[in-house]
Amino acid sequence: MKLAERLMLVVVIGGAAALLIRVSVPLPAELDLGRLAFWTALTLVASFLPVKLPGGVGVFMNTAPLIAAVFDPMLTNPFALCWIAFLGTFELRDFRRQIPWYGTLFNRATFVLSNFAAWTALTVTQPWVDPGDAWGTFAQIVIVGFAFAVTNNIVAVLAASVRQHLPFARVWSISSRNVAPGLLGQIPMGWLMAQIAVGVAYWATLPFLVPLILARYTFTKYAETRDLFFGTVSALSQAIDAKDGFTRGHADRVSRIAGAIAREMNLSENQIEQIELAGMLHDIGKIGVEDRILMKPSRLDEDERDLMRRHPMYGASILEPSSALRPLVPIVLHHHENFDGTGYPEGLKGEQIPIGARIIIVADAYEAMTSDRIYRKAIGHERALEQLERHKGAQFDPRVVRSLEHLLAKRGPDAFEVSELPPINYETLAELRQRLAREPRLRDLNAS
């Protein structure tokens, strides 16, 4: 465990422990265990099966009952809401011991701090809200919910960022940002649950479990759809590896290099994600290139180079029908455009070339020069940088080249060597053809 992770655990768990002790000593004189047990049980049901989002952040359906406990005037707060947040947020993985003990304590501590922050906001705003003041009540709900959501999300995203060594903005972008509206929708629901519990009966809040279950289903489908989308992108990227074994893993490396450059250039996380996806798919058009050209174990002649130069257009044509992949089309189409306008397929120049394409061409060239090919050996990182420096302003955007140089100066030449993707262990089409040629019987079986 890294020092930053240990420090975060100590601060969050220690802060929550001190808070629980502070609100519990001495015990409140009037304590309604029945109400405390009800909200704890309701929160526990909502917490039992969280949804795991990309980036390592878990989404719980317990915001509504936790907020309800904050707004319930019949509870002895802050004692009750802190202990409801601690006891009611256990999940199935905790009971199965799938999470380390310190992880369980950290998750409970996060909810304790979040609920206390919400109660603090309620206490501060209470003198400003008169009975029957609808707009004042609405503003109070917003402020209380904001205090809870900010505390909870900042701690959760920061923990995932430290644990997975990813930028905070990156984790927020791929996890919480897309589900934030659904989570925030639970805040007014929590206030309404408290009003019904006090004004009607506590059991009357049980039907609210139905929309919480539906919300969980929606979040689950979002996570599954995102996994399916990225699995499809990975499969498309590996399709060219299956055909061309000489550059196996090239797209994955280009994607990681391009993403790192884009982040060094302080582009938005949405742009970075698109550039990484385009890096995975930048050569997908090579599927349309003839095998005799694609797998030629020597340099191409002029006619063959002309045919190879069509692959960006093939790639754009492949991606265009998909609405999810359509934003990548300009990057894929123009990733061989030179900065001085001498590239292809349209001869764009300078800022006319999409920034993603300008990054991809640098990442592509750097990866190609630092990787072995069947017809030549890698020239090494230093010589690759020399080549990029020599051709910046002509083939490459000088700003992109400088960003790569700064990145390598900080992280070293091994910054991009480790792939997070599983190893590719299938046959390329060329290897399959060779094996079938050696095994006629197997070839005939496949043909039938």
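The values are calculated or read from the model by the stated rules, or taken from the named source; none is laboratory data. In this text, all values refer to a predicted model and were calculated from it rather than measured experimentally. Neighbour counts run over all protein chains shown; Cβ positions are idealised from the backbone, glycine included. Remember, those area values only see protein heavy atoms, side chains included, never the ligands or the DNA or RNA. Shrake-Rupley method; radii C 1.70, N 1.55, O 1.52, S 1.80 Å.
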(request) Using packing as a proxy for protection, rank 105-116, 256-267, 341-352 so that the peptide with the highest average count of other Cβ atoms within 10 Å comes first. (result) 105-116, 256-267, 341-352
(message) For region 316-417, place one equal point scatterer on every Cα, skip the solvent, and apply the Debye formula. What is log10 of I(q)/I(0) at q = 0.17, 0.20 Å⁻¹?
(response) -0.82, -1.02
(message) Sequence gap at least 6, Cα distance under 8 Å: using those rules, report the relative contact order of region 248-383 to the nearest whole percent.
(response) 23
(request) Mind checking the full-extension length gain between Arg163 and Trp135? Use 0.36 nm per residue of separation minus the Cα-Cα distance, one decimal, nm. (result) 5.9 nm
(message) For a Förster distance of 25 Å, can you work out the FRET efficiency between the beta-carbons of Gln387 and Glu351, rounded to the nearest 0.05?
(response) 0.60
(message) Could you work out what % of the accessible surface of region 213-369 is carbon and sulfur, using a 1.4 angstrom probe and leaving DNA, RNA and ligands out of the count?
(response) 56
(message) Please give the Cα centre distance for region 93-156 versus region 1-79, rounded to the nearest Å.
(response) 8
(message) Counting only Cα atoms, I'd like the Rg/Rh figure for region 248-359, Kirkwood definition for Rh.
(response) 0.98
(request) With an 8 Å cut-off on Cα pairs and a minimum separation of 6 or more residues, tell me the relative contact order of region 70-145 in percent. (result) 32
(request) Between Leu209 and Glu290, with labels modelled 7 Å along Cα→Cβ, what's the label distance in nm to one decimal, could you check? (result) 6.8
(request) Please go through the residue pairs Lys2/Lys221; Lys286/Lys392; Lys2/Lys392; Lys377/Lys410; Lys2/Lys410; Lys286/Lys377 and name each one whose alpha carbons sit more than 29 Å apart in this structure. (result) Lys2/Lys221; Lys2/Lys392
(message) Give me the 1.4 Å probe accessible area per residue for region 310-378, excluding ligands and nucleic acids, in Å².
(response) 43
(message) Can you compute the modelled spin-label distance between Phe229 and Arg97, with each label point 7 Å from Cα toward Cβ, in nm?
(response) 3.9
(request) Would you please give the FRET efficiency between Arg326 and Val25, computed as 1/(1 + (r/R0)^6) with r the Cβ-Cβ distance and R0 = 41 Å, to the nearest 0.05? (result) 0.10
(message) What distance in nm lies between label points placed 7 Å from Cα along the C-beta direction at Lys410 and Asp340?
(response) 3.1
(message) Between Met74 and Thr220, what is 0.36 nm times their sequence separation minus the Cα-Cα distance? Round to one decimal in nm.
(response) 49.1 nm
(request) Starting from the Cα-Cα distance between Glu304 and Thr120, subtract it from 0.36 nm times their residue separation and give me the gain in nm to one decimal. (result) 59.2 nm
